[in-house]
Structure formats: C-alpha cells, structure tokens
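Data first, discussion second: the structure below is written as structure tokens.
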Amino acid sequence: MREQTHDTLTDLGLGTPAPFIAAAYGLPALLGVQFLLAGQALFGGLSWDLHGAIGGVIAVPVLALLCYSLAVPRLRGFGWWTGVLVIAYGVQLVLAMSGTGALALHPFNAALLLTASLVFLLKVERRRSAQTDGD
C-alpha cells in the first residue's frame, strides 16, 4: 500500500465532491472578474456597484470550501488553506468598508487572496490527479 505523503490525499478512493471542485475553480475565476471590474470602474466609467455585488457573491465559494473542509473528513487536509482564504476574504470585506486609507490596501489583499485561491486550486487538482493515477 502506498504511504500517504500529504493529508489532502486522504481517502482518494472516495473521490472529491463536485461542489468542492466547482467552488475551487469558481473562486479564482470570480476574483479575476473582480480585477476586471475594478479596472473598468477606475478607467472605463463603470459603476462600482457591480464590483461590490460580485464581491458579495465571492462569499459563496469561500463558505462552500470552508463547510466542505470542516464537514467531510477526507477534505480536512484542506483546512489550513481554507482558513487562509476565509481570513483573506474577511480582511477584504473590512478593507472595503473602511476609509480611503485602508481601502488603499484592498488591491494588495485581493492579490494575496487570488494567489491563495490559485494555490488551493492546485492542491485540489493534485488530489484529483492522484485519484486518477490510483485507478
């Protein structure tokens, strides 16, 4: 039997739930849309309302990833990275609601959140790849 080398690779035979995979893909996609909308609001005359609305929608994949990593035992290895995503998203909300001084850090934190979401997606894909390798 092959030794487990990483806790995100636990119980590969049980698979990875499709909503978990969808949330892992959806989060960086929505964050990319946020960057595009921010650019359009700054330089294209688009209202900031859509940027704010999509920012609220981003809570859906973040919370889905959190719930799955807490509720599904084989996904608990993703807990640390899910925590990073939840904290970064929470900081993003606080920065968005703060004054202009704190708002200046909003794009930097968004870049950190996007980076963390891409690392998370790579970890999910590594799990999926290990599943197919074991078949």
Practice item. Exactly one condition in (1) under 13 Å from the mean Cα position of the chain (by Cα); (2) of a type in the set (S, T, N, Q); (3) surrounded by fewer than 16 Cβ atoms within 10 Å (Cβ to Cβ) is not met by S69; state its number. Key: (3)
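Is it true that some residue in segment 95-113 is among the aliphatic types (A, V, I, L, M), closer than 19 Å to A22 by Cα, assigned to a helix (DSSP H, G or I) and at pLDDT 95 or above?
First, pick out the residues of segment 95-113 that are among the aliphatic types (A, V, I, L, M): 95-97, 102-105, 110-113.
Okay, now just the ones that are also closer than 19 Å to A22 by Cα, so 113.
Going one step further and asking which of them are assigned to a helix (DSSP H, G or I), we end up with 113.
Cutting the leftovers down to at pLDDT 95 or above gives us 113.
Looking through segment 95-113, at least one residue is among the aliphatic types (A, V, I, L, M), closer than 19 Å to A22 by Cα, assigned to a helix (DSSP H, G or I) and at pLDDT 95 or above.
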Practice item. Report, by residue number, each residue of segment 26-84 that is closer than 23 Å to D11 by Cα and not in a helix (DSSP H, G or I). Key: V72
**Study point:** Number of the condition not met by G39 [criteria: (1) touching a residue at least 60 places away in the same chain (Cβ under 8 Å); (2) under 26 Å from V91 (Cβ atoms); (3) exposed (fewer than 13 other Cβ atoms within 10 Å of the Cβ)]
**Key:** (1)
Revision key, fill the gap. Per the filter on segment 117-132, residues aliphatic (A, V, I, L, M) and within 17 Å of V33 (Cβ to Cβ) are L118, L121
Practice item. Return only the number of the condition from (1) closer than 26 Å to H51 by Cβ; (2) in contact with a helix residue (DSSP H, G or I) (Cβ under 7 Å, 6 or more places away or on another chain) that G101 does not satisfy. Key: (2)
Check your understanding: part of a helix (DSSP H, G or I), under 16 Å from the mean Cα position of the chain (by Cα) and not basic (K, R), is that true of L121?
Key -> yes
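The values are calculated or read from the model by the stated rules, or taken from the named source; none is laboratory data. Because the structure is predicted, anything quoted here is derived from the model rather than measured. Cβ sites come from the backbone with ideal geometry, for glycine too, and all protein chains shown count toward neighbours.
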